[in-house]
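The values are calculated or read from the model by the stated rules, or taken from the named source; none is laboratory data. This structure is a prediction, so every number in the text was calculated from the model and none was measured. Note: ideal-geometry Cβ built from the backbone for every residue, glycine included; neighbour counts use all protein chains shown. When the accessible area is computed, the model is the full protein with side chains, heavy atoms only, and any ligands, DNA or RNA have been set aside. Shrake-Rupley method; radii C 1.70, N 1.55, O 1.52, S 1.80 Å.
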Amino acid sequence: MALDELKSAIPDFAKDLKLNLGSVIGNSELPQQQLWGTVLACAIASRSPKVLRELEPEAKANLSAEAYTAAKSAAAIMAMNNVFYRTRHLLSDPEYGNLRAGLRMNVIGKPGVEKIDFELWSLAVSAINGCGQCLDSHEQVLRKAGVGRETIQEAVKIASVIQAVGVTLESEAVLAEQ
C-alpha cells in the first residue's frame, strides 16, 4: 500500500504527521469518493512529487474515471482562482472587487461529479493555498447544501496533513542533498 510507504518515509521528528496521515485517511468517515477526491486534489496542491506519486495510485483505484478527472480539475482551477481571489482580497483598493474577473471557470458549473464533492475538494485545495475568500465561498455553498461542519473540517484536516507531509518530505530531500 502506497500510504504505508509514504508514512514510512516521514522522519521520526514528524511522528505526529505519520500518525495523523494514517488517521485522516484510514479512519475518515467521508464517503470513498469524497475522501479520495480530497486526497488526490490535496496531493496535487501540495506540490510534492513524493506525496503525489504515493497517493495518486490509491486515489485512482478508489475513484471513477469521472471523479478522478474532477479532483484533478478542482486542483487545477483552484490553483488559478486562489491566486486571483486571494490577491484581489489582499489589495487595499476595494475597487478590484468590482472588476469583472474575465477568467474561464466552466468546470465549477459542470465538474462531472456531484457538486458537493467538487466543492469539498475545492475548499480543501483553497485551505492549502490560503485563499480566505475562496474558503468562505465554498464553505457557504457546502453549508447551504446541508453539509455539516464536521465534514468540512474533515476535508480541511486532510488538506493540512497532506500539505505538512509534503513540506516535510521535500525539505528533508533538499537537506539530504547537502
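Kindly provide the pair-distance distribution of the stretch 124-178 built from C-alpha pairs, with 10 Å bins from 0 and whole-percent values in order of increasing distance.
Distribution as computed: 23, 41, 21, 12, 4, 0 percent.
To the nearest 10 degrees, how steeply does helix 132-144 sit against the main Cα axis of the chain, on a 0 to 90 scale?
80
Projecting each Cα onto the charge dipole of the stretch 57-145 (Lys/Arg +1, Asp/Glu -1 at the beta carbon, about the Cα centre), which of Ala76, His138, Leu90 comes out farthest on the positive side?
The Cα lying farthest towards the positive end belongs to Ala76.
Cβ neighbours within 10 Å, averaged per peptide: list 129-140, 32-43, 88-99 in order, most packed at the top.
On the way: 129-140: 18.0, 32-43: 25.7, 88-99: 10.0.
Result, highest mean first: 32-43, 129-140, 88-99.
Expressed as an acute angle from 0 to 90° and rounded to the nearest 10, what is the orientation of the C-alpha long axis of helix 49-62 relative to the principal long axis of the chain?
Compared with the principal axis, the helix lies near 80 degrees.
Which number gives the lysine pairs in the chain that have C-alpha atoms under 17 Å apart and are eight or more places apart or on different chains?
So the count works out to 13.
FRET efficiency for Ser8 and Ile116, Cβ-Cβ distance as r, R0 = 35 Å, nearest 0.05? Could the numbers behind the result be given before it?
On the way: r = 34 Å, r/R0 = 0.97.
After rounding to 0.05, the efficiency reads 0.55.
Top mean-square fluctuation among Ala145, Ala67, Ala75, Gaussian network model of the chain, C-alpha springs under 10 Å?
Ala145
What does the charge dipole of the chain about its Cα centre add up to, to the nearest 20 debye, if the Cβ of each Lys and Arg holds +1 and the Cβ of each Asp and Glu holds -1? Can you show the working numbers first?
Values: 18 positive and 21 negative charges, 106 e Å.
Roughly 500 debye, rounded to the nearest 20.
Sort 102-108, 58-64 by packing, meaning the average of other beta carbons within 10 Å per residue, with the highest value first. Display every interim value, and only then the final one.
Numbers: 102-108: 11.4, 58-64: 16.7.
Top to bottom by mean Cβ count within 10 Å: 58-64, 102-108.
At a probe radius of 1.4 Å, what is the per-residue accessible area of Ile162, in Å² to the nearest 10?
Roughly 0 Å² of Ile162 is accessible to a 1.4 Å probe.
Throw me the Rg/Rh for the stretch 33-155, computed over C-alpha atoms with Kirkwood Rh, two decimals.
Details: Rg = 14.4 Å, Rh = 14.7 Å.
Reported Rg/Rh, Kirkwood definition of Rh: 0.98.
Accessible area per residue of the stretch 1-132 at 1.4 Å probe, in Å²? Can you show the working numbers first?
Values: 6830 Å² over 132 residues.
Ligands and nucleic acids excluded, the result is 52 Å² per residue.
For the chain, find the longest principal axis of its Cα atoms and tell me its angle to the long axis of helix 65-90, 0 to 90°, nearest 10.
For 65-90 against the chain, the angle is about 60 degrees.
Counting only protein heavy atoms and using a 1.4 Å probe, what share of the accessible area of the chain belongs to carbon plus sulfur, as a whole percent?
Details: 4940 of 9540 Å².
That share works out to 52 percent.
For the stretch 31-99, go through all pairs of different Cα atoms, get the mean of 1/r, take its inverse, and jot down that Kirkwood value in Å. Could the numbers behind the result be given before it?
On the way: mean 1/r = 0.0755 Å⁻¹.
For the stretch 31-99, inverting the mean 1/r across all distinct Cα pairs yields 13.2 Å.
Determine the calculated [θ] at 222 nm for the chain from helices alone, applying -39500 (n - 2.57) to every DSSP H run no shorter than 4 residues and normalising by the residue count; nearest 500 deg cm²/dmol.
On the way: 9 runs with 134 residues, N = 178.
Result for the chain: -24500 deg cm²/dmol, rounded to the nearest 500.
Just the isolated ones, please: cysteines in the chain lacking another cysteine beta carbon under 4.7 angstrom.
Flagged as lacking a Cys partner: Cys42.
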